[in-house]
Amino acid sequence: MFTNSKLSKSVRIALAFGAASTMALAGVASAQENDDEEEREARSSDRPERIQVVGSRIRTDGLDNATPIDIISTEIATEQGLNTLGELLRTSTIASGSDQLISAYSVGFVTAGGAGAESISMRGLGANRTLVLLNGRRAGPAGTRGQVASFDMNALPISAVERVEILKDGASSLYGSDAVAGVINIITKRGDEKSINVTASQPFESGGETFRVNGTWGTAFDRGSYRVVADYNHNSGLKRGDRDHFGCPTRYFFDPTTGERADPIDPRTGEYHCNGSGYGLWNNHMGRFQFDNTGFGFPHLASEGEYGNPFVVSAPDGWYWAGHTKETDGWLDNTSDLHRNQTMIPESVVWSVFQQADYDITDTVSAFVELMHSQRTTKIDSVRQFWTNNPGLASYIPINTLPGWQDNGAGLAVMPVALTDHYSSETTVDYTRFVAGLEGSLGYWNWEASWQRSLNRGEYKQEIIFADSMLMAHENLLGLNDCTGVTEYSGRQCTQVNWFTHGHLSGTDLGPGVADFLFGEDKGKTVYKQDTVEGYITGDLFDLPHGTLATAVGVSYQTDEIQDTPGFHTRNGNSWGLSSAGITAGRGTTTAVFAEVQAPLLRDLPLIEALDVTASARHTRVNTYGSGDTFKLSANWTIGNGFRARASRGTSFRAPALFELYLEGQTGFLGQNVDPCINWVESTNEILQANCQAAGVPETYVAGVGGSMTSVTGGGAGVLNAETSTSEGVGLVYTSPENTFAASVDYYDVTIRNQISSVAGSSVLGQCYYSENGFENEPFCRQIDRRTGTEANNFDWGVDEVRGGYLNTSEQRIRGADVVITYQTETPVGHLRMRLNHMTQIERYFKQFADSVPTQYIGRLGNPKQSGTLNTTLTRDDWRFNWNIQYVSSVSNYHLYTRGNLTTYRDEDVRFIADAPTYLMHSFSVNKTLMDSMDITVGLANAFDKRPPQASPAAVNTAGNTMLFASQYELLGRRAFVNFSYSF
């Protein structure tokens, strides 16, 4: 059995010293080795034992690294009450400087990997540009829907993990596609531990509780070992009504002079009005007609005076007019129990089993296997509006046609907008990963060959509104059918819908049979399979004057397959208000050969105690686009007196994901107002005029008279190439002689070119008609179909269909610096250990096209310039006390608006909120070991109950008034946690 004993030793030292960086800790480990006389004698007579760490295929002594590596122990999760691998990784600076995908975002949004999936985007460059390894081998994608490309951090129980190694540098020359931003290597626990562990977390307010129980059984024998971990994890989820800052989305406006709130007041509560998604009768003049369901006593809408609608002669009792002045904005029905009961954080249940075994077949050959299976079920309850909106049919209904309603001849019409909680979803993901391999030694050479298969099977159920039922009900409302038929796809018998009752509009009483007629469920399935066969050999080539020239060479073959089959109604465009999608299916194969050499160039010179250079290269062939080469060159320079410098430069790549290649056309709709050729004759842009004229659009087309255009998004098979990137880094490390202080500063610079991005239909139109290439020569113009204006279609020259999709058009760059400082010392009260991890972002921009103005992200919401953690631990005998501080600097979006933080509300200037101050969150915990077999940790997370920053929904995406897409902020509030483990 080939154990990494020195790696284990250096890692233990690293974790004891604060897990800052293997470079920063090298002095500690070296000093301890130099003090070990036996090892010194062994080195004088034999070659040192070689181990492998992330960032190199070459086995070395594991003490010096030319690229920055963070080591995160899962002890941090216990000390801070963290429940998942995703939560643990989000404490790292590689994640804290940008917004990360968390499960809360899948409420109301379609996210990569489907509902409940969580991934890590290193440095904000994208989760599909972050390679995740499990014990040094690829962890295949997990999730649902067509956009499955990344490993779901929910799949592996944190109880099976010993530590995470994070290579903060591009590494495609070593690991292949996706290692653009860096590599996350998850190392699982080994050994003969037998234990039971129970963890619970309870917020001080209800909602968001978590409970976890797991058991570990391990055994070691003469020729091998076996270990199994079983884990159950339940997150009860959080409803929006569980927290005030989620439950009521006020306008959050302020008087710019006095600073007082400028929101309207809801007279029913005496509080600022909650302005969520409303319901009622929208009218074609101004405001909304609402029913006084609480009996508050609002003035009747046909009454005299300022509160009566001047166009209404009569209306049924209980109806009033709202939303036509600031005062009556407070009368709008924009909140309800349906809103408060919708999900903020999804409820999830995860079962998982992880098994690991190794066996020494001979003294020089060992076999190993890993088997993991997990099942995650995620449930979401949500709310949506629906109304009379179908192509070719009038949405507004004349009120004179409604019983009890009469206008004064002004042509008043209303559109019934209803609310429903029939918008829930349930997602189940089964993820299995199997690894089998052999490793061995040939003299001073070590080799490994392995096969890995990951199989992801997902099922996603979504409550939907049938489009064919909505069409039939709408036609019946307009007198176009007698409601005796059966719908085309859903096969439902027509049922008359009373669109104008309060029960229908509020979603509390639709009437007999209406729910069965309008509502249903769609179920899709996703299968993703990845197979990887890899082999490599590493060892010493020959001796140089200052050491041994070491190398590693290897080959890899990988296949990926996806088949995502959306539900029947989604495939047939029968899900009202939601986009349609076809089956996404495809296969890709990747073949690669790689090599790495490490050479000791200089030794024992002034200011150069040692200088080593490492070079690696990889040739990759992908069947979907061709081949490419990547390289990396790094240098490790030991200056002396505890100082060390390191530098690297390399190229990386990301092959197109299968969904980017084979995504079947997803359809949506765009208004004709995005067509640049409307009224082109009055444009001052000669290029636009020439292109629109060449497209056949006449000068007389001055208004978009037709219906909306269809926008289709599809995959780019046959068009897409790999993304390429260049990564550069330089760093300085210092370790004190007494091994109590260490610090490192590393500068990084990553540029991605030919980045794959989804080009929206509106962008396709702009790229076509503003192109200097001319209409006939511009490829984007071939993605547009126009209607031919005739008298029959009211001389409609509008766009009929525009086809967007995935293209190599973009560029992204990020620059910044990582700082790690560690300190440890013995004090009269115990051993003190402190660790500061800090990141400063200098620049991060994105360009959609080569001639686009770069979008700058640093300092925006979700993208703080400064972020980090400060962790302090005091150990005394069997007690351990921990204090952790997470922080992010202030952010603001005001620069995006012409008037800064000013807008108008009801023709008056108001100040909105689109910034957040510096945010600090504290956690405390105490750990005690009892009788060498029991261990208990209790603590407070978010100890001072820091609330997430609040913002104005008019300027920022919010849930309630809490900023969305800013994963750095705590959503649950103060919570207590406990962890109990028993070893036997």
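When the residues of segment 297-314 are filtered to those that are under 20 Å from Ala413 (Cβ atoms) and of a type in the set (A, V, I, L, M, F, W, C), the one that is surrounded by the most Cβ atoms within 10 Å (Cβ to Cβ) is Leu301.
Screening Val213, Val198, Val183 for residues that are part of a strand (DSSP E or B) and within 24 Å of the chain's Cα centre (by Cα) leaves exactly one candidate, Val183. When segment 86-109 is limited to residues that are closer than 28 Å to Ile842 by Cα and in contact with a strand residue (DSSP E or B) (Cβ under 7 Å, 6 or more places away or on another chain), the one that is surrounded by the fewest Cβ atoms within 10 Å (Cβ to Cβ) turns out to be Thr91.
Considered as a group, the residues in segment 785-824 that are of a type in the set (A, V, I, L, M, F, W, C) and surrounded by fewer than 21 Cβ atoms within 10 Å (Cβ to Cβ) include one that is modelled with the lowest pLDDT, and that residue is Ala792. Filtering segment 296-340 to residues that are out of contact with any helix residue (DSSP H, G or I) (no Cβ under 6 Å at 6 or more places or on another chain) and within 30 Å of Asn233 (Cβ to Cβ) leaves Asp337, Leu338, His339.
With respect to (1) buried (at least 20 other Cβ atoms within 10 Å of the Cβ); (2) in contact with a Ser or Thr (Cβ under 6 Å, 6 or more places away or on another chain); (3) free of Cβ contacts under 8 Å to residues at least 40 places away in the same chain, the lone exception for Gly323 is condition (2).
The residue that is surrounded by the most Cβ atoms within 10 Å (Cβ to Cβ), counting only those in segment 465-495 that are in a strand (DSSP E or B) and in contact with a Ser or Thr (Cβ under 9 Å, 6 or more places away or on another chain), is Phe466.
Condition check ((1) outside any strand (DSSP E or B); (2) not hydroxyl-bearing (Ser, Thr, Tyr)) across all residues:
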| residue | (1), (2) |
| --- | --- |
| Thr362 | yes, no |
| Leu371 | no, yes |
| Ser374 | no, no |
| Thr377 | no, no |
| Ser395 | yes, no |
| Met415 | no, yes |
| Ala418 | no, yes |
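Every condition in (1) touching a His at 6+ places or on another chain (Cβ under 7 Å); (2) under 30 Å from His300 (Cα atoms) holds for Trp387 except the one numbered (1). Examine segment 496-513 for a residue that is among the β-branched types (Val, Ile, Thr), over 25 Å from Ala149 (Cβ atoms) and either crowded, with 20+ Cβ neighbours inside 10 Å or in contact with a His (Cβ under 7 Å, 6 or more places away or on another chain) (or both), and state whether such a residue exists. Yes, segment 496-513 contains at least one residue that is among the β-branched types (Val, Ile, Thr), over 25 Å from Ala149 (Cβ atoms) and either crowded, with 20+ Cβ neighbours inside 10 Å or in contact with a His (Cβ under 7 Å, 6 or more places away or on another chain) (or both).
Please indicate, with yes or no, whether at least one residue in segment 326-335 is more than 28 Å from Ala410 (Cα to Cα), of a type outside the set (Gly, Ala, Ser) and either surrounded by 19 or more Cβ atoms within 10 Å (Cβ to Cβ) or modelled with pLDDT under 95 (or both). Yes, segment 326-335 contains at least one residue that is more than 28 Å from Ala410 (Cα to Cα), of a type outside the set (Gly, Ala, Ser) and either surrounded by 19 or more Cβ atoms within 10 Å (Cβ to Cβ) or modelled with pLDDT under 95 (or both). Exactly one residue out of Ala112, Ala149, Ala155 is touching a residue at least 24 places away in the same chain (Cβ under 8 Å), of a type in the set (Gly, Ala, Ser), in contact with a strand residue (DSSP E or B) (Cβ under 6 Å, 6 or more places away or on another chain) and not in a helix (DSSP H, G or I), and it is Ala155. Residue count for segment 423-464, restricted to those that are surrounded by fewer than 21 Cβ atoms within 10 Å (Cβ to Cβ) and more than 30 Å from Ile361 (Cα to Cα): 8.
Based on what the data block shows, is Gln375 at pLDDT 95 or above and touching an Asp or Glu at 6+ places or on another chain (Cβ under 6 Å)? Yes, satisfied. For segment 492-504, does any single residue satisfy the condition of being in contact with an Asp or Glu (Cβ under 9 Å, 6 or more places away or on another chain) and either at positive phi or among the aromatic types (Phe, Trp, Tyr) (or both)? No, segment 492-504 has no match at all.
From the list Thr667, Thr638, Thr630, Thr614, the one residue that fits, being in contact (Cβ under 8 Å) with a residue 60 or more places away in the chain, in a strand (DSSP E or B) and surrounded by fewer than 17 Cβ atoms within 10 Å (Cβ to Cβ), is Thr667.
Considering segment 924-953, the residues that are part of a loop (DSSP other than H, G, I, E, B) and farther than 30 Å from Leu861 by Cα include one that is nearest to the chain's Cα centre (by Cα), namely Ser933. Pairs linking a residue in segment 363-374 that is more than 20 Å from Pro141 (Cα to Cα) and surrounded by 20 or more Cβ atoms within 10 Å (Cβ to Cβ) to a residue that is of a type in the set (Lys, Arg) and at pLDDT below 95, with Cβ atoms under 7 Å and 6 or more positions apart or on different chains, do not occur. Cβ-Cβ contacts under 9 Å between residues 6 or more apart (or on different chains), taken from a first residue in segment 887-907 that is of a type in the set (Val, Ile, Thr) to a second residue that is in a helix (DSSP H, G or I) and surrounded by 13 or more Cβ atoms within 10 Å (Cβ to Cβ), are listed as Val888/Ser96.
Does Asp99 qualify as being within 17 Å of Leu371 (Cα to Cα), at pLDDT below 95 and either out of contact with any His (no Cβ under 9 Å at 6 or more places or on another chain) or outside any loop (DSSP other than H, G, I, E, B) (or both)?
Details: within 17 Å of Leu371 (Cα to Cα): no; at pLDDT below 95: yes; either out of contact with any His (no Cβ under 9 Å at 6 or more places or on another chain) or outside any loop (DSSP other than H, G, I, E, B) (or both): yes.
Answer is no for this residue.
State which residue is farthest from Gly247 (Cα to Cα) when the search covers only segment 337-360 and only residues that are more than 27 Å from the chain's Cα centre (by Cα) and in a strand (DSSP E or B). Of everything passing the filter in segment 337-360, Asp360 is farthest from Gly247 (Cα to Cα). Taken together, the residues in segment 841-858 that are surrounded by 18 or more Cβ atoms within 10 Å (Cβ to Cβ), part of a loop (DSSP other than H, G, I, E, B) and not aliphatic (A, V, I, L, M) amount to 2.
Count of segment 617-627 residues, restricted to those that are farther than 13 Å from Thr724 by Cα, assigned to a strand (DSSP E or B) and of a type outside the set (Val, Ile, Thr), is 5. Taking each residue of segment 947-975 that is free of Cβ contacts under 8 Å to residues at least 60 places away in the same chain and over 13 Å from Thr918 (Cα atoms) and looking for partners that are assigned to a loop (DSSP other than H, G, I, E, B) and not hydrophobic (A, V, I, L, M, F, W, C) with beta-carbon atoms closer than 8 Å, six or more apart or interchain, yields Glu970/Asn942; Glu970/Lys946; Glu970/Pro948.
The values are calculated or read from the model by the stated rules, or taken from the named source; none is laboratory data. Given the structure is predicted, the values throughout are model-derived calculations rather than measurements. As a convention, Cβ positions derive from the backbone with ideal geometry for all residues, glycine included, and neighbour counts pool all protein chains shown.
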